[in-house]
Amino acid sequence: MNTTALIYSFKSNKSAQVAEKIKELWNGEIILLDADDLTVEKFMPFKNYILSVPTWFDGELPKSWDEFVPALEDLNLKGKLFAIYGNGDQVNYSENFADAVGIMADLLEFLGGKIVGYTSLEGYSFEKSKAQRGSQFCGLVLDFENQAKQNNERIVRWVEQLKKEFQ
Amino acid sequence: MKLRKDLKYGIKQTDKELLLNWYKLMRLGRTIDDRAPNYLKQSIGWSYHAPYAGHDGIQLAIGQVFEKQKDHLYPYYRDMLTVISAGMTAEEIILNGISKATDPSSGGRHMSNHFAKPEWNIHNVSSCTGNHAQHAVGTARAMKYYKGGGVVISSQGESSVSEGYVYEAINGSSSEQLPVIFVFQDNGYGISVPKKEQTANRKVADNFSGFKNLRIFYCNGKDVFDSMNVMYEAKQWVLENQKPAIVHANCVRIHSHSNSDRHELYRDQAELTYVAEYDPLAKYRRMLLRYERATEEELTAIDEEVKAIVKEAHKRALVAPDPDPKSIFDFVTPEPYVSTTYPTGLHSYNGTPLKLVEALNQTLRAEFRRNPDTFLWGQDVANKDKGGVFNVTKNMQKEFGRERVFNAPIAEDYIVGTANGMSRYSDTIRVVIEGAEFADYFWPAMEQLVDTSHDYWRSNGKFSPNITIRLASGGYIGGGLYHSQNIEGALITLPGIRIVYPSFADDAAGLLRTAIRSRGITLFLEPKALYNDPKAATPVPDDFEVPFGVARIRRPGTDLTVLTYGNTTHLCLDAAQQLEQQYQVSAEVIDLRSLMPLDYNTILQSVKKTGKVVIVHEDKVIGGVGGEIAAFIIENAFEYLDAPIMRVGSTFTPVGFNPILEKAILPDTEKIFNKMLELWKY
């Protein structure tokens, strides 16, 4: 498997916890990158990516990714594989649950990237989510506020899935 | 998929000069926003300050798309950057903040942080949050009618959308298809109340998703480019389609609601850190540097320039003149139309008598023919041969068209609020509204009426709502609590409103003409029991005018004075006649006609002549107009009185529906006669 870039905000709390867990479970080579300090040069060298994209406010990208989007838009991501995880709150933000995962997936796909790591909607209850693709999420959605006890199991399962889907 | 780089505005494609100008505006706004609390700490002023930090993107965008003197802008109390972005200077902002006489919004009369510049169409708005949404709709109605080519922008916080009058405004703009943009600046809180306790949808704009003709736009109000693109697109859409739009802008509130709020009492540190993390100004600065659209040196130079601008503005504002306490009586009510033909409000015309309802209808039509900038609306006022429940406006729509005479939804506040707004478009406009089907149903309009009553004073004379509010009033028709009551006693407490209440057809015509030709608000109360009563029919000169504040002696007398108006004028005349016939007592019956202003001179002259006064009105004795008149007489003519001032009016109860109850409650000829006799015998 190619080297995987795991990109998340180093200043974050929950996203960083998940990143630590993924790193722990990952067998292959993995490089950690700070989403707050991202440049095209740091971003581009990889084939496989795991991105942490939590949803901020009422369905927005987090600051780190939002500010990188203008740079991202100029890139050709053909041939690259992206797996996205993101924290959301299905009770208090039921109308835009984990939207940021879907927003980022849309953009990456438009730029030629391929999204992997789809997960089932089973076990979640929400009104709307831009991360929803049919009966699946286009990534791993975690809910620290309401389903924290399921995080570990969901992460473990997802990492195993990525190991198969990444090349 | 549309990429950011393909949009009109973006960090890469926007011209550098414009980017730096935006940075300067944002830095200027934030510098004043951050300094504002210091004025209060130093006891200089600005006791009300609602910081906007966290709303920077959308406020910059509103101001940037606004074209002064073409568009109209209704900012709310948190819109400091909006008005700075629209062109107001640091000095003007501080003058408002510390309530100086030269404050362009109100000369120190209105609360601080209520920014306005009426000469640019940046309107002076209420502190009743969101109530200007109705004014915006009224202005948009005029914008469309006069083909002004602009848009009206109404800005408010998301929690104020809970107000019923905001629903009325958006509903009306949707049904009338008007060019107005409602901007909801959503920072998640109404003071300390989280938005989930205001409405079920997280984005309150979604509450309006079923409204026809209305398009809803969403944007990140913290982000300059998203806000700019969406406001630009919304404006273009509204201009092209001549329909309303909502822009829902997600913001954060970095500070407390205002300087009387302490957000640390209800927000934890994690939340405060979270919102501060997304400081829109810091983000914009980072983006300029990250994408090499500005250098650190360039931005620092702007920071320094802004510091100097604010320092200079501060110095100039501190030495600006304070309001003169002697000016408090300026701009309470605009000067009325002055009649040169009938300066005393009397005539000697002997033509065929007209009923009161005919006199009103003919006067309305004559005034609408004379002045093309006249408009009339209300509930039930125009449908084929029907013109109001009493047909006062019969055939007006046929003659003047649907754009000038039209039905309003059953929303009394909206009827008044849009009259206010339409007046703001041009001082030449004169609006006549039927405020409600019956005066008793007018109470839902109190919010707009009260606000409109002080607009002229609050704007330091810069805006006069020119509105005649017609209401079918009073009892003697067996209408009960919702069709037979009077409201003038309650409303006369509001400075800024004229109140007239005629008893005869000629005075009704003359007062209505004066009201329509005057600037300001006139509450025109019509005694509905007299619309078709032959007793109230009189000859009416075609051009008759009755000045405000001029009473009419309907029956001269020498033994006692009867002061009255409306329905009871006729009862008093009957009672006076009986008194003369049975006791040879000569009662002088004065029809006040105008309650605010009041004809003090005629009252005093009569009191000095007779020494005895009874005040009769249909409204309640307690809290009625008679109490004020009695106090005036006591203060100014006590030595002429030979008896206590007596009053006749309704009991301190609602008016009952059963005629037995109504009779027990309302004044009648017998009650008045007995009181006059008691007074004479005293």
Of the conditions (1) closer than 21 Å to residue B:501 by Cα; (2) among the hydrophobic types (A, V, I, L, M, F, W, C); (3) touching a helix residue (DSSP H, G or I) at 6+ places or on another chain (Cβ under 8 Å); (4) not in a strand (DSSP E or B), residue B:648 satisfies every one except a single condition; which number is it? (4)
Can you pull out every residue in the range B:560-578 that is of a type outside the set (Phe, Trp, Tyr), closer than 25 Å to residue B:632 by Cβ and outside any strand (DSSP E or B)? B:566, B:567, B:568, B:569, B:570, B:571, B:572, B:573, B:575, B:576
Scanning the range B:584-635 for residues that are among the basic types (Lys, Arg) and either without any contact (Cβ under 8 Å) to a residue 40 or more places away in the chain or farther than 22 Å from residue B:536 by Cα (or both), which turns out surrounded by the most Cβ atoms within 10 Å (Cβ to Cβ)? B:612
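Select from the range B:417-434 the residues that are in contact with a Gly (Cβ under 8 Å, 6 or more places away or on another chain) and either touching a residue at least 60 places away in the same chain (Cβ under 8 Å) or of a type in the set (Ser, Thr, Tyr) (or both) and list them in ascending order.
Once the filter is applied, which keeps residues that are in contact with a Gly (Cβ under 8 Å, 6 or more places away or on another chain) and either touching a residue at least 60 places away in the same chain (Cβ under 8 Å) or of a type in the set (Ser, Thr, Tyr) (or both), the range B:417-434 yields B:417, B:418, B:419, B:420, B:421, B:422, B:423, B:424, B:425.
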The range A:77-112, residues that are surrounded by fewer than 24 Cβ atoms within 10 Å (Cβ to Cβ) and in contact (Cβ under 8 Å) with a residue 60 or more places away in the chain: A:81
Odd one out for residue A:32 among (1) within 15 Å of the chain's Cα centre (by Cα); (2) buried (at least 18 other Cβ atoms within 10 Å of the Cβ): (2)
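Could you list, in sequence order, the residues of the range B:195-205 that are more than 8 Å from every other protein chain (Cβ to nearest Cβ) and either crowded, with 18+ Cβ neighbours inside 10 Å or within 29 Å of the chain's Cα centre (by Cα) (or both)? Show your work before the answer.
Quick first cut of the range B:195-205, residues more than 8 Å from every other protein chain (Cβ to nearest Cβ) only: B:195, B:197-200, B:204-205.
Within the range B:195-205, B:195, B:197, B:198, B:199, B:204, B:205 meet the criteria.
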With respect to the numbered conditions (1) farther than 18 Å from residue B:454 by Cα; (2) in contact with a helix residue (DSSP H, G or I) (Cβ under 6 Å, 6 or more places away or on another chain), which one is the sole condition not fulfilled by residue B:110? (1)
Would you mind finding the one in B:369, B:404 that is closer than 20 Å to residue B:545 by Cα and of a type in the set (Lys, Arg)? B:369
Just checking, does the range B:117-129 include any residue being crowded, with 24+ Cβ neighbours inside 10 Å and over 30 Å from residue B:408 (Cα atoms)? no
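For the subset of the range B:285-342 comprising residues that are hydroxyl-bearing (Ser, Thr, Tyr) and surrounded by 13 or more Cβ atoms within 10 Å (Cβ to Cβ), which member is nearest to the other protein chains (Cβ to nearest Cβ)? It would help to see each step written out before you state the result.
So in the range B:285-342, the residues hydroxyl-bearing (Ser, Thr, Tyr) come out as B:291, B:295, B:300, B:327, B:333, B:337, B:339-342.
Remaining after also requiring surrounded by 13 or more Cβ atoms within 10 Å (Cβ to Cβ): B:291, B:327, B:333, B:337, B:339, B:342.
Numbers: B:291: 6, B:327: 47, B:333: 46, B:337: 53, B:339: 59, B:342: 63 Å.
Ranking the qualifying residues of the range B:285-342, first place goes to B:291.
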In the range B:73-123, anything under 23 Å from residue B:23 (Cα atoms) and β-branched (Val, Ile, Thr) is listed as B:82, B:83, B:84, B:89, B:93, B:94, B:122
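Show me the strands (runs of 3 or more DSSP E) found entirely inside the range B:145-225 where at least 3 residues are at pLDDT 95 or above and closer than 30 Å to residue B:405 by Cβ. Show your work before the answer.
Numbers: elements: B:152-157, B:180-186, B:215-220.
The strands (runs of 3 or more DSSP E) meeting that bar are B:152-157, B:180-186.
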Looking only at the range B:343-365, filter to residues that are among the small types (Gly, Ala, Ser) and at negative phi; which one of those is surrounded by the fewest Cβ atoms within 10 Å (Cβ to Cβ)? B:348
Subset of the range B:3-18, residues within 23 Å of residue B:83 (Cβ to Cβ), surrounded by fewer than 20 Cβ atoms within 10 Å (Cβ to Cβ) and within 14 Å of another protein chain (Cβ to nearest Cβ), comes to B:14
Looking at (1) facing chain A (nearest Cβ under 10 Å); (2) in a loop (DSSP other than H, G, I, E, B), which is the only condition residue B:248 fails? (2)
If I filter the range A:56-76 down to residues being of a type in the set (Asp, Glu) and under 30 Å from residue B:271 (Cβ atoms), which single residue comes out as surrounded by the most Cβ atoms within 10 Å (Cβ to Cβ)? A:66
Regarding the range B:275-282, can at least one residue be identified that is within 14 Å of chain A (Cβ to nearest Cβ), more than 22 Å from residue B:21 (Cβ to Cβ), in a helix (DSSP H, G or I) and not acidic (Asp, Glu)? yes
Could you list, in sequence order, the residues of the range A:41-65 that are farther than 22 Å from residue A:17 by Cβ, without any contact (Cβ under 8 Å) to a residue 60 or more places away in the chain and among the charged types (D, E, K, R)? A:41, A:42, A:58
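The values are calculated or read from the model by the stated rules, or taken from the named source; none is laboratory data. Every value quoted in this text rests on a predicted model; they were computed, and no experiment measured them. Neighbour counts run over all protein chains shown; Cβ positions are idealised from the backbone, glycine included.
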